[in-house]
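Worksheet for the structure shown next.
The values are calculated or read from the model by the stated rules, or taken from the named source; none is laboratory data. From a predicted model like this one, the values you see are computed outputs, not experimental measurements. Here the Cβ is made from the backbone with ideal geometry for all residues, glycine too, and neighbour counts use every protein chain on show.
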Amino acid sequence: MLTLTSAHETAAHRWPAGPKLAAAALGSALIFPVQALPVIGGALLALAALHLVLGWGFTREAAGRLWMLWPFLLVLALWHLWTGELRAGAVIAGRMVFAVALANLVTMTTRLDAMLAVVERLLTPFARFGLNPRVLALAVALVIRFTPVLLDKAGQLRQAWRARSPKRAGVAIVLPLVLTALDDADHVAEALRARGGL
Amino acid sequence: MERNLTHIALFAALIAVLGLVPKIDLASGVPITAQSLGIMLCGTVLGAKRGTLAVLLFLGLTALGLPLLAGGRGGLGVFVSPTAGYLVGFPLAAFVAGLVMEKWRAPVGMAAFGGAFLGGLVVLHACGIAGMAVVLGKTLPEAAGLALPFFAGDLLKAVIAGAITQGLARVRPQALLSRG
Amino acid sequence: MDGIEFSGVEYAVQGKPVLQGITLSLHERRIGIVGRNGSGKTTLLRLMAGLVAPTGGTIRVAGVDPAVDRKAMLRAIGILFQNPDHQIIFPTVEEELAFGLRQLGLRADEATARVRACLAAEARAHWAAAPVTALSQGQKQWLCLMAVLLMEPATLLLDEPFAALDLPTQARLSRRLAALPQRLITISHDPQAVAECDRVIWLETGRVVGDGAAAGVLAAFRAEMARRGDSDADTDLGA
């Protein structure tokens with residue numbers, strides 16, 4: 001399955017995942033209480049510079065992923081134009097863009113298996129409470145295996161619908177999809193049991 | 001034990017698929033993304049505990065960088081964006097929907113609608129509105145205004161969740177783990 | 001090789017009998033089980049593999065109850081499901097193959113080494129990281145067979161192994177199966193698939209109605225199927 005890791009191979013891809021995650025968490029926590037516009041502006045510039053150092057193609061991809069924030073930026077702009085508190089609006093918007101861009105940076109430069117390794121390390125202390133990292137790894141593998149399978153099934157159901165209806169597929173395809181998920185769950189449980197179970 | 005795990009994993013995949021399929025028609029010609037319908041169904045079909053775990057697994061994989069959210073979004077960024085409150089609300093919504101289903105011995109369709117309404121509408125939007133208020137620096141009523149346009153669609157989704165759960169109870173009663 | 005013993009086995013789902021009065025002692029190297037859809041063939045296989053427990057009677061595989069001692073069963077019995085998509089658990093070829101070995105207690109690096117060696121021996125080293133969704137139906141079937149064979153079970157259970165395969169793939173798979181040293185128990189609705197077996201068992205509505213050398217049992221089976229095919233009715237819902 002596709003992941004959100006950037007195909008633009010950068011230096012940041014080689015930085016270890018744990019420290020990257022910690023730095024991003026720290027950065028978001030530090031920026032949140034800040035009210036001074038120059039500080040936020042500086043942080044944004046620094047982050048933009050870091051992107052540019054990592055590469056132009058990478059920067060463009062990162063900018064594209066911030067696009068999902070436009071409705072909120074629009075709402076903020078309209079609201080603060082109305083109330084006249086433009087400075088306060090800029091602080092909120094800048095803070096939001098910084099936090100999202102910083103988090104995206106980690107996602108874009110860290111492969112799924114590196115992320116999973118961090119999670120497994122973090123969860124080790126919980127093993128004594130019955131949270132088995134092996135079971136978690138199995139659950140993750142199952143989701144990655146079966147999301148495309150169910151997506152495929154949804155596509156088949158839509159096609160079967162289209163073959164007999166001029167309209168777009170309706171919610172009627174959801175129940176058969178749920179049944180497929182339930183059946184697959186039973187089959188995989190049996191396959192697991194056939195090879196030794198949990 | 002194996003069945004618990006596979007049900008949780010397959011429903012996590014189902015939530016993703018309902019968000020990733022091109023929009024489907026709700027009633028007459030109103031397209032929706034069905035991701036929150038998936039959240040409701042986790043609760044009403046799997047029950048509170050397994051349903052919550054399925055949602056947590058789905059969110060965990062999203063956070064790790066899989067594009068499983070509606071429209072192929074994902075990664076850590078969405079967890080600090082204005083809609084982060086909705087993500088926090090997802091597992092709570094499934095839990096509440098499952099709990100209503102387990103405790104309220106009404107007919108299946110009725111209980112599933114009640115659970116989906118309370119979890120997928122009340123609890124989910126309460127969390128989502130709180131999140132928007134924090135990130136956008138607005139008061140709760142102001143943030144609620146932003147969520148208002150989505151209430152009608154979500155109410156309809158709760159009705160659909162009720163109908164699907166009832167349909168499932170009819171064709172495959174033993175599959176309804178929330179009433180197991 | 002130790003055999004598989006059924007004595008007075010019953011299996012019912014919600015009170016409705018699926019198998020009744022099954023007493024069998026299976027020792028031959030190649031065994032076929034034939035019957036129509038719904039005759040109880042697959043349930044018989046599930047019982048042998050210990051995936052379900054009988055509602056009456058006892059089953060012993062090499063002396064142990066397959067539904068209870070799952071650990072012993074891993075080396076005793078491997079099962080190839082009818083639909084490879086129901087068997088493949090992992091997203092990549094390598095993970096799928098390594099899983100069974102890990103279940104047998106191998107360390108992750110040992111399992112990976114064995115998988116790599118197996119793939120190399122089969123001239124499929126480049127498959128290791130391939131996503132399972134990219135495989136054709138025949139390739140998926142091959143993957144399932146390898147995943148089971150890596151665990152080196154004494155007996156292999158095959159559920160309609162040729163059902164979804166095109167003719168060249170069928171030929172390749174049956175050549176491969178014929179060369180295996182293991183005991184094979186094959187179920188099929190197609191008499192051709194079990195014609196070479198040492199012994200054939202015919203199941204009908206949950207009971208054994210024929211048991212013996214392939215030629216005799218299959219001749220009777222073919223005649224009965226032809227007789228039924230001539231009548232048009234297929235109206236029994238069975239519920």
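General observations
- The residues of region A:54-74 that are surrounded by fewer than 19 Cβ atoms within 10 Å (Cβ to Cβ) and within 13 Å of chain B (Cβ to nearest Cβ), listed by number, are A:E61, A:A63, A:G64, A:L66, A:W67, A:M68, A:W70, A:P71, A:L73, A:L74.
- Of all the residues in region B:56-66, those that are more than 17 Å from the chain's Cα centre (by Cα) and more than 15 Å from A:V100 (Cβ to Cβ) number 2.
- Those strands (runs of 3 or more DSSP E) lying entirely in region C:132-221 with at least 2 residues closer than 23 Å to C:R70 by Cα and touching a residue at least 24 places away in the same chain (Cβ under 8 Å): C:155-159, C:183-188
- Total residues in region A:20-44, condition more than 13 Å from chain B (Cβ to nearest Cβ) and loosely packed, with under 11 Cβ neighbours inside 10 Å: 2
- Restricted to region A:151-172, and to residues there that are within 7 Å of another protein chain (Cβ to nearest Cβ) and surrounded by fewer than 22 Cβ atoms within 10 Å (Cβ to Cβ), the residue that is nearest to C:C144 (Cα to Cα) is A:L151.
- Verdict on B:A116 being within 12 Å of the chain's Cα centre (by Cα), small (G, A, S), surrounded by 22 or more Cβ atoms within 10 Å (Cβ to Cβ) and more than 14 Å from chain A (Cβ to nearest Cβ): no
- Of everything in region A:127-147 that is in contact with a Pro (Cβ under 8 Å, 6 or more places away or on another chain) and at pLDDT 80 or above, the residue that is surrounded by the most Cβ atoms within 10 Å (Cβ to Cβ) is A:R145.
- For A:A141, the conditions (1) under 24 Å from the mean Cα position of the chain (by Cα); (2) more than 9 Å from chain B (Cβ to nearest Cβ) are fulfilled apart from (2).
- Residues that are surrounded by fewer than 21 Cβ atoms within 10 Å (Cβ to Cβ) and within 11 Å of chain A (Cβ to nearest Cβ) occur in region C:105-121; there is at least one.
- The residues of region B:133-166 that are within 21 Å of A:I92 (Cβ to Cβ) and crowded, with 18+ Cβ neighbours inside 10 Å, listed by number, are B:A133, B:V135, B:L136, B:G137, B:K138, B:A143, B:A144, B:L146.
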